[in-house]
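A quick write-up on the structure given underneath.
The values are calculated or read from the model by the stated rules, or taken from the named source; none is laboratory data. Everything numeric in this text was worked out from a predicted model, so none of it was measured. Cβ: placed from backbone, ideal geometry, glycine included. Neighbour counts: every protein chain shown.
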Amino acid sequence: MTHSQLHIPGYTVHGPIGQGGMASVYLATQESLNRKVAIKVLRNSHEAQLNERFINEAHFIASLSNPHIITIHDISTLPGGDHYIAMEFVGGGDLDENRERFREPDAVLRLIREIAQGLAVVHAKGIIHRDVKPANILFRDDGTAVLTDFGIAKDVDNNSDLTQAGFSLGSPSYSSPEQAQGKPLDITTDIYGLGVILLELLLGYNPFKGESHTSTAINHIQLPLPELPAHYDYLSPLLSRMLAKQPGARFRSSEELVAAIDPLLLPANPGGSSKHRRPDIRRWLAGKQRLLLPAAGIASAVLLLLALTHESETDREIDRLLQQAELGLEQERYIFPEQDNARYYFRQVLLLDEDNRDALKGLALVTERRVQDYVARGAEALERGDLNRPKDNNALHFYREALALDADNPHAQAGIRLVVAEYTRRARASLLEGDLKMADRNVKRGLAVEPENQELLALRSEIDQKTPAAKRLIRDVFGRLREKIDNNG
């Protein structure tokens with residue numbers, strides 16, 4: 001349908017201004033109020049599921065009240081049966097068209113804060129936007145940022161998905177790792193997308209964007225946060241939380257994100273560049289200008305304030321790292337994946353504060369948890385009868401790993417004794433069955449673990465007495481080779 005064919009009672013349609021996967025958007029004038037509006041018209045509205053999605057989107061947006069969410073004016077049906085939404089016309093273009101406005105970090109942070117405030121209202125309704133990207137961030141004439149296009153928004157608690165083949169499930173360039181993998185989502189997927197936008201505006205490019213959808217998805221899953229230019233280093237903790245690979249490591253709400261952004265903003269003062277920002281110092285100097293302190297006194301005060309500010313920033317980073325470490329413990333990420341585990345974060349804390357008690361206790365707890373895990377896995381392997389094979393997945397291996405971390409651990413020591421006892425039992429059973437070869441093999445395996453075990457030594461003597469001289473010679477010549485093969489599993 002062309003705009004010349006489109007007739008909507010009460011509106012004068014001027015022409016198309018956009019087209020999406022299932023709808024077209026037209027600029028129109030609402031005649032009763034003489035105001036410009038954008039009218040989104042559903043195509044292929046004979047499909048019931050598309051109608052449902054379209055109407056749900058309209059009613060959902062209409063239920064929101066926030067200056068950073070697009071406003072709905074009307075929801076209705078055309079004479080031919082097609083559904084349409086009349087919404088405010090936002091004439092300032094999208095974020096891609098306004099990038100020149102966001103060259104300074106303070107301006108970027110204020111933009112991210114505005115969209116986060118809008119998302120907070122969306123998330124409070126139990127909805128995930130799922131497509132936070134520059135094209136869906138529009139600007140009013142007064143510069144206010146507006147989040148739009150809720151066409152693929154989804155209920156947090158609803159596992160069904162109305163999305164049809166051919167329609168986007170979010171732009172790959174801004175999709176979270178879990179979204180890229182088709183895993184269940186929570187509201188932090190929107191925070192991740194907003195983090196990608198923040199990073200892209202700071203760097204001037206999207207570091208996750210690959211040559212194809214697949215390569216882009218893999219980059220989101222695997223690529224670490226790129227190193228920021230030195231003058232943006234104070235934003236690294238914020239980006240690390242927003243772009244954490246694990247949803248549980250991100251900000252848990254948009255309100256929490258806003259609270260984290262607020263201390264990073266410059267005072268509301270249009271003058272000056274924020275490239276090398278120290279907002280607290282500027283505020284302090286502004287308040288001290290009339291005290292007329294001697295130059296040396298001012299210099300000393302500034303140096304002191306710098307030291308205090310650095311300490312405060314260090315403390316905040318330590319708190320962030322400790323939170324990440326605790327999350328790693330909760331999720332049993334003790335030493336893997338690399339650079340996203342409890343041990344890594346505790347060690348990072350110690351690089352900042354070598355005597356930090358929480359980090360020292362945390363590392364001890366990581367070791368304790370790992371020992372417990374090895375002991376439990378050793379018990380499971382013992383129950384299966386996997387004493388020394390398969391390689392790296394047997395009782396002996398797990399108990400030894402536990403003892404490597406805690407040489408005096410009584411559970412691991414008891415596990416080793418149980419392994420030796422099982423070899424002893426097997427040797428006796430083979431001996432009773434007359435299988436001298438198998439009895440001898442189990443004795444050797446047991447003695448390899450506990451060379452001075454008197455019961456196994458006695459069994460070896462008994463086996464030697466019952467073994468003919470010729471077989472003993474063969475055993476002695478080839479026994480070591482067989483033992484090596486057995487132990488390597």
Checking Arg277 against (1) farther than 30 Å from Val371 by Cβ; (2) at pLDDT 55 or above; (3) surrounded by 15 or more Cβ atoms within 10 Å (Cβ to Cβ), which test does it fail? (2)
Of the residues Gly126, Gly93, Gly166, Gly118, only one is modelled with pLDDT of 90 or more and surrounded by fewer than 22 Cβ atoms within 10 Å (Cβ to Cβ); which? Gly93
Checking Asp435 against (1) at pLDDT 90 or above; (2) closer than 24 Å to Gly378 by Cβ; (3) surrounded by fewer than 16 Cβ atoms within 10 Å (Cβ to Cβ); (4) among the acidic types (Asp, Glu): exactly one of these is not met. Which one? (2)
For the range 392-412, does any single residue satisfy the condition of being at pLDDT below 90, in a helix (DSSP H, G or I), of a type in the set (A, V, I, L, M, F, W, C) and exposed (fewer than 12 other Cβ atoms within 10 Å of the Cβ)? no
All but one of (1) farther than 21 Å from Asp142 by Cα; (2) surrounded by 18 or more Cβ atoms within 10 Å (Cβ to Cβ) hold for His59; which doesn't? (2)
Tell me, yes or no, whether the range 262-274 has at least one residue that is of a type in the set (D, E, K, R), under 25 Å from Gly195 (Cα atoms), surrounded by fewer than 17 Cβ atoms within 10 Å (Cβ to Cβ) and at pLDDT 65 or above. yes
In the range 410-443, what residues are more than 21 Å from Arg384 (Cα to Cα) and in contact with a helix residue (DSSP H, G or I) (Cβ under 7 Å, 6 or more places away or on another chain)? Leu431, Leu436, Asp440
Can we say Glu114 is without any contact (Cβ under 8 Å) to a residue 12 or more places away in the chain and either assigned to a loop (DSSP other than H, G, I, E, B) or not polar (S, T, N, Q) (or both)? no
Of all residues in the range 208-233 being surrounded by 16 or more Cβ atoms within 10 Å (Cβ to Cβ) and touching a residue at least 40 places away in the same chain (Cβ under 8 Å), which is farthest from the chain's Cα centre (by Cα)? Tyr232
